[in-house]
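Chemist: One structure coming up, written as C-alpha cells, with questions to follow.
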Amino acid sequence: MKSAASKPGVHASIVAASVVALLMGCPKTAGTVPTWDGGGSPDGVLAAHDPAADEGSDFANTAGSVPPADPGPADDSGAAPADPPVDPEGDADPAADPAAAPTEPAPAADALPKPVYSKIDASCGKDEGVGTKLKPFDLRSVDGKSSTNKTYAGRVMLVNFWGTWCKPCLKELPEFDQLYRRYRKHGMTLVAIATDEDPGPVKEYIDKRKLAAKVLIGAEDYAGQYGSPKFPFTFVVDERGVIRASYRGYRPECMGKLEADLRKQLEARAAK
C-alpha cells in the first residue's frame, strides 16, 4: 500500500504549505514581539511592538516588555522589604551617597541661640564689684518662700536690684526678662531683688508684665551693702558666685554688652 505522502496531491499540498510558512514567518527578535497597536486598526492586524512605547503606558510590564527589577529577598516573615522612606523635601539621603553627606558637624544640642542685640559698647559692664563674690543673701519671694544665693549655685545669674518706686527699673526689668526666657534652658537665672517690703505692688507688677524672673522682696538692707550711688544696678555672676560684669544705673545702650557678658559665662559653664 502506498503512503499518503507518496500521493501526488498530498505532496503538492505539503510543498505549498512549506513555501507559505517560509514567506510569512518572522524570527522572534528583540523589539519585534507583536502586540496590539492600540490604534484600533480596522483590519485587526498585529503591529510590531516598540519597547520604548511601554514607558508610562497601560501596556507596561505586559508580554514583551522589560520585566520589573527583582525586589530582593524577603525577610523571615516572607514579606518583601519595604520601600525606603521618601524625603518630604525631596533631598537625597546622605547615608546613601557619601558625596552628599554634610561636610560640617551638626551644632551641639545646647548651642546658644543668636544674640538679640548686635551693638556692643565695650565701655559697659566695668563698674565697681567686678571680680568679687556676690554677697550672701536670705530673702523671701512675693509668696513668702525663702530663697538664698545658694539656691542658684551652679547657674549663671543676672542679679538685678530694683523697686516699684523706680521708673527706670520698670523699663529695664522686662528687657532682662526677655533675655532670661531666651537663655534659661542654657543655665541662666534672672534674680530680680526688690527693695519693696510690701509684696502687693510687686506682685501686681509681675502679673501685669508676666515676668518669668525669680523675684525677691525686702532687700533694702541687702542692696545697701553694695553702696551703689545709682539705681537700678545689675551684676552678671558666674556659676561659682563671682561677679564678672557690673552695671550701675539704667543704660539701654549697654544691653548688647550685657548680653555678650551673659553668653560668655554660659559658654564657659557649658565647656566645663
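Chemist: Which order results if S141, S246 are arranged by neighbouring Cβ count within 10 Å, fewest first?
Modeler: Fewest-to-most ranking of S141, S246: S141, S246.
Chemist: Oh, and also: Going through the cross-link list K145/K203; K171/K203; K135/K167, which pairs have a Cα-Cα distance over 19 Å in this structure?
Modeler: Pairs exceeding the cut-off: K135/K167.
Chemist: I need the semi-axes of the equivalent ellipsoid of segment 195-253: take the C-alpha gyration tensor, multiply each eigenvalue by 5, square-root it, list largest first in whole angstrom.
Modeler: They are 22, 15, 13 Å, listed from largest to smallest.
Chemist: Going by C-beta contacts inside 10 Å, put V236, V142, V116 in order with the fewest on the left.
Modeler: Ordered from fewest to most neighbouring Cβ atoms within 10 Å, V236, V142, V116 come out as V116, V142, V236.
Chemist: With the Cα gyration tensor of segment 138-271 in hand, convert its eigenvalues to equivalent ellipsoid semi-axes via √(5λ) and list them largest first in whole Å.
Modeler: Here the semi-axes work out to 22, 16, 15 Å.
Chemist: Right, another one. Give a residue-ordered list of calculated ³J(HN,Hα) values for segment 181-189 (Karplus: 6.51 cos²θ - 1.76 cosθ + 1.60, θ = phi - 60°; whole Hz; x for Gly, Pro).
Modeler: Taking θ as phi minus 60°, the curve returns 4, 6, 10, 5, 6, 9, x, 9, 10 Hz for segment 181-189.
Chemist: Which of the pairs K185/K264; K114/K150; K230/K257 have their Cα atoms more than 22 Å apart in this structure?
Modeler: K114/K150
Chemist: I need Y250, Y222 ordered by Cβ neighbour count within 10 Å, fewest first.
Modeler: The most exposed by this proxy come first: Y222, Y250.
Chemist: Residue by residue, what Karplus-based ³J(HN,Hα) values in Hz, rounded to whole numbers, does segment 158-166 have, using 6.51, -1.76 and 1.60 with θ = phi - 60° and x for Gly and Pro?
Modeler: Result, rounded to whole Hz: 10, 9, 10, 9, 8, x, 5, 7, 9.
Chemist: Near the amide H of L216, under 5 Å away, which other amide H atoms are found, from residues 5 or more places off or on another chain, if H is placed in the peptide plane?
Modeler: For L216, the qualifying residues are A192, I193, A194.
Chemist: How large is ³J(HN,Hα) for each residue in segment 141-155, as worked out from phi by the Karplus curve 6.51 cos²θ - 1.76 cosθ + 1.60 (θ = phi - 60°), to whole Hz, x for Gly and Pro?
Modeler: 8, 5, 9, x, 7, 7, 9, 10, 5, 5, 4, 10, 4, x, 10
Readers should treat all values here as calculations from the given coordinates under stated rules, not as data from a laboratory. Being a predicted model, the structure only gives us computed values, none of them experimental. Please note: Cβ atoms are built from the backbone with ideal geometry, for glycine as well, and neighbour counts cover all protein chains shown.
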